[in-house]
Each structure stands twice: as C-alpha cells, then as structure tokens.
Amino acid sequence: MATINIEYLPSINYSLINNGVAICQSVELCNDKADDLRDIIIECSGDFFQDFRSSIIASLKTGKSIRLQGMGLSLKPTEVALVTEKITSTFTINVYADALSDAKKIVFTHSYDIDIMPYDQWLGTSILPQCLASFVTPNHPAVNNIIAKAASKLKEVSGASAFTAYQTGNSNEVRKQVAAVYGALHAEGIVYRSAPASYEVVGQRITLPDQVLASKVGNCIELTLLFASVLESIGLNSGIVLQEGHAYLAVWLVDDCCQYSVCDDASYIEKKCSDGIDEMLVLE
C-alpha cells in the first residue's frame, strides 16, 4: 500500500486565512507496494475544508517516494469565522491509483485531527507568533474616539492638535504624539489584569479594542494591541515585544520598520533604543 507523511499546522483560525498562511507545508507520498503505482490522485476533504484534488501523478515506482510542496488545503472562511469555541475536527486524505481507468482503486486513506480555534484566538509563540499583529486594528471605530481625546492632550503639550506622524523628521515630535495617546488611554481608567500563565505557548483569546474600552479591563497583550492600534491609525509604526509572562509596546521614532515579521534578537531592540541612535521607544 501507499503511505503519506504530512506536515501541517495542528491549530488554525481565521487570522491564518486572512494572512494567506499555508496550512499544509509538505506531503511525502511513499509507494510501499510490490508493484509500481500509476495515474495517482490525492484528494482531501473535511468539514471546514474546501475539497482538494491533486493533478495526476503519472507513476511512482515501488519503494520510491515523491515529495509535494504542500497540498493546497483551503479552509471555508465563512464557517471558520463563526467558530466561537475550540472545535477538534478532522480532514481526510485519500490516495487513488489507476485513477483514469475503471480499475481505479484506493491505496491510502487516513483522517487527521486538527483544532479549529475561535477567530479571536491568538495561537501563541509556538505557531506563527507574528499573527499576533493581525489583532492590531487601526481602522476599528472604537479607535477614533481615543484619537479625538489624544488630540486634546497633544494640543496641551505642543500647542497643536494635528497628528503629523513623521512629517517633521523630529523624533521629539513623535514622542509628543505617543505621549498624547498614552495620556488619552490612561484617562480611560482601564484596569490591568494578568494574562494566563501559559499564554506564550498556547496563546489566548484576544479582547478587541471596543471590548477593552467598554469593559475597562485588559491584560498586557490586549492593552498593547489597543495602544498599537491607535498609533498605527495616526501613522506611527509600532511593534509588539514579547518576553516570558509579559508583552509591551515598541514604537518607531523614525519612519522605519523591522525587516522581519519576527525578531528574537533582543540586542536589535536595545540598539535601536540606545542613546545616540534613538530610533525606537519601548514602553507599557
């Protein structure tokens, strides 16, 4: 019979669809039969998946294997977006030989477990941690109210209420804008709560800006995302800094950004924040 070795994400959610992340990284098809396999087709189906059918693989000799770059697995966006609690689901792979003839036969079938997570679930640092940035929502209607309040704060410290982002080329002007947003958020009286102890590994549910502002409660990740959302909305580039048990904000004082979606080199941030360079500000 044939066998398949597959590498795929064990947990998926709506943000992965939105970011075009491949669910399946690689598939290796092995022919363990005594005879060669011909006219091979791989099919995949599942409750949350679009039906997939591969192109014809002309032949695979006995004892040989072929590696495919992924399998084009596609989720059904509408159904995944409706998930509000974790669902353990499956997808099934079937491999057929002699698929172009009446002698078509199945040579492999297996069902694989996969967790479908809620749309507001960040999957943690173990599965594409950069997807945390998907929850930065500068266009969220709740952000506009904070910007209006921050404009009043900015006028108090600079004499003008306009957010000019990096237009002046003066990092001190950027600091004033960040300070104004900080002051507006501080005035909301939001109460801090601790994040789950294991959030770095398994992730957490994310409370979005409107919910944080309405409930006046948020943990370090949620408050950082809210802060980043407001800064991005006024044209300032931000980042999220994660360390064990905590998260906080980084904001660029110059019109720049990190070259990588994930950077695990702490010295990079230290250098950007150091005296004489002064390109980044880190705060919470």
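The values are calculated or read from the model by the stated rules, or taken from the named source; none is laboratory data. Since this is a predicted model, take the numbers as computed values, not measurements. Glycine also receives a Cβ, built like all others from the backbone with ideal geometry; neighbour counts cover every protein chain displayed. When the accessible area is computed, the model is the full protein with side chains, heavy atoms only, and any ligands, DNA or RNA have been set aside. Shrake-Rupley method; radii C 1.70, N 1.55, O 1.52, S 1.80 Å.
Computed about its Cα centre, the charge dipole of the stretch 147-284 is approximately 580 debye, with only Lys, Arg, Asp and Glu carrying charge at their Cβ. Taking the C-alpha atoms only, the angle from helix 141-158 to the longest principal axis of the chain is near 30 degrees.
On the beta carbon distance between ILE87 and ASP210, with R0 = 25 Å, the FRET formula returns roughly 0.50.
A straight Cα-to-Cα reach below 27 Å connects LYS216 with the lysines LYS86, LYS149, LYS153, LYS155, LYS176, residues fewer than 8 places away in its own chain not being considered.
Placing dummy labels 7 Å off each Cα toward the beta-carbon, the span from ALA187 to LYS271 is 3.9 nm. Among beta bridges from DSSP that stay inside the chain, the antiparallel ones total about 90%.
For the stretch 114-259, the fraction of 1.4 Å probe accessible surface lying on carbon and sulfur atoms is 52 percent.
Protection proxy ranking of 214-221, 24-31, by the mean of other Cβ atoms within 10 Å over each peptide's residues and highest first, is 24-31, 214-221.
Of all DSSP-defined beta bridges confined to the stretch 187-284, some 85% are antiparallel rather than parallel. Taken over the stretch 13-126, the convex hull of the Cα atoms encloses 113 Å³ per residue.
Quantify how much of the Cα-Cα distance distribution of the stretch 197-267 extends past 21 Å, in percent. Please report the intermediate quantities before stating the final value.
Numbers: 782 of 2485 pairs.
Everything past 21 Å amounts to 31 percent.
For the stretch 139-241, the fraction of C-alpha pairs more than 18 angstrom apart is 48%. Taking the Cα centre of the stretch 217-284 as origin and assigning +1 to Lys and Arg Cβ atoms and -1 to Asp and Glu Cβ atoms, the resulting dipole is close to 120 debye. With K and R counted +1 and D and E -1, the other residues having a Cβ less than 9 Å from that of ILE116 yield a net charge of -2. Along its principal axes, the chain has C-alpha extents of 82, 40, 32 angstrom, given from the largest down.
Select from LEU231, SER152, ALA2 the residue farthest towards the positive end of the dipole of the chain; place +1 on Cβ of Lys and Arg, -1 on Cβ of Asp and Glu, and compute about the Cα centre. So the residue we want is SER152. Pair-distance distribution P(r) for the stretch 40-190, from all Cα-Cα distances in 5 Å bins starting at 0: 2, 7, 11, 12, 11, 9, 8, 7, 7, 6, 6, 5, 5, 4, 2, 0, 0 percent.
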